[in-house]
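The values are calculated or read from the model by the stated rules, or taken from the named source; none is laboratory data. Just so it is clear, the model here is predicted, and its values are computed rather than measured. So basically every Cβ, Gly included, is an ideal-geometry build from the backbone, and we count neighbours across all protein chains shown.
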Amino acid sequence: MTLPAPSGAPYRIAMVCLGNICRSPMAAVVLDSLLADAGLSDRVEVTSAGTGGWHTGEPMDGRAAATLADAGYDPTAHRARQFDEGWFDRDLLLVMDAQNRSDVEELGGSPGQVRMFRSFDPAGGPDTEVPDPWYGGQAGFDEVLAMVERTNRVLVAELAQLLA
């Protein structure tokens, strides 16, 4: 899947889920780490937000943070934020599920800018969702981590080509 052209520098990506305490911050932390490894940190800015504001200002869900930390990532800087119209200044908005996409598009996001996160997943597809692990056990968080690592590797490769 082709990335939208940059609107300026740095290229700006926002990950979006429901509460911004599990899926989108996990995806953002992993993408930041992979971008650093690829030498692209100064060329890509990654943020995350939730369509709901229940957790604004809170740290990441403890289970999500522990899953990231156990895999060698640093989840400590995250604080939940709520998505609003001000987020449309990003080049790419990657949503975790169909309801997130609908909510973001309802606020005014364009189909070229709003994409399903797993549309970049080699094991996913254009409408494949990242399941919300919040209601389940550790296996759900491990599954989400595997998805975000796999998908973000593809994103980093695409970003390297786009920004070359």
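Give the residue, chosen from 121, 84, that is more than 12 Å from residue 21 (Cα to Cα), among the acidic types (Asp, Glu) and in contact with a Leu (Cβ under 9 Å, 6 or more places away or on another chain). Before you say what the answer is, go through the steps one by one.
Details: 121 fails: in contact with a Leu (Cβ under 9 Å, 6 or more places away or on another chain).
Sole residue among the options that is more than 12 Å from residue 21 (Cα to Cα), among the acidic types (Asp, Glu) and in contact with a Leu (Cβ under 9 Å, 6 or more places away or on another chain): 84.
Annotation: of all residues in the stretch 51-82 being assigned to a loop (DSSP other than H, G, I, E, B) and of a type in the set (A, V, I, L, M, F, W, C), the one that is nearest to residue 139 (Cα to Cα) is 71.
Screening the candidates 112, 140 for the property of being part of a loop (DSSP other than H, G, I, E, B) and either modelled with pLDDT of 95 or more or over 15 Å from the mean Cα position of the chain (by Cα) (or both) yields one hit, 112.
Do you know which residues across the stretch 14-50 are basic (Lys, Arg) and either assigned to a loop (DSSP other than H, G, I, E, B) or in contact with a Lys or Arg (Cβ under 8 Å, 6 or more places away or on another chain) (or both)? Of everything in the stretch 14-50, just one residue is basic (Lys, Arg) and either assigned to a loop (DSSP other than H, G, I, E, B) or in contact with a Lys or Arg (Cβ under 8 Å, 6 or more places away or on another chain) (or both), namely 43.
On the stretch given as the stretch 88-102, residues that are surrounded by 19 or more Cβ atoms within 10 Å (Cβ to Cβ) and either assigned to a helix (DSSP H, G or I) or at pLDDT below 95 (or both) total 2. For the stretch 119-131, the condition of being more than 17 Å from residue 13 (Cβ to Cβ), in contact (Cβ under 8 Å) with a residue 60 or more places away in the chain and not in a loop (DSSP other than H, G, I, E, B) holds for none of the residues.
Any residue in the stretch 1-15 that's closer than 15 Å to residue 35 by Cα: show its pairings with residues that are surrounded by 12 or more Cβ atoms within 10 Å (Cβ to Cβ) and acidic (Asp, Glu) at Cβ separation under 6 Å, as long as the two are six or more apart or on different chains. These pairs meet every condition: 10/45; 11/91; 12/45; 12/91. The condition (being among the β-branched types (Val, Ile, Thr) and touching a strand residue (DSSP E or B) at 6+ places or on another chain (Cβ under 8 Å)) is satisfied by just one residue among 114, 156, 144: 114.
Criterion applied to 21, 13 was being modelled with pLDDT of 95 or more, in contact with a Phe, Trp or Tyr (Cβ under 8 Å, 6 or more places away or on another chain) and not small (Gly, Ala, Ser), and the one residue passing it is 21.
Taken over the stretch 44-95, the residue count meeting the criterion of being within 16 Å of the chain's Cα centre (by Cα), more than 23 Å from residue 119 (Cβ to Cβ) and aliphatic (A, V, I, L, M) is 4.
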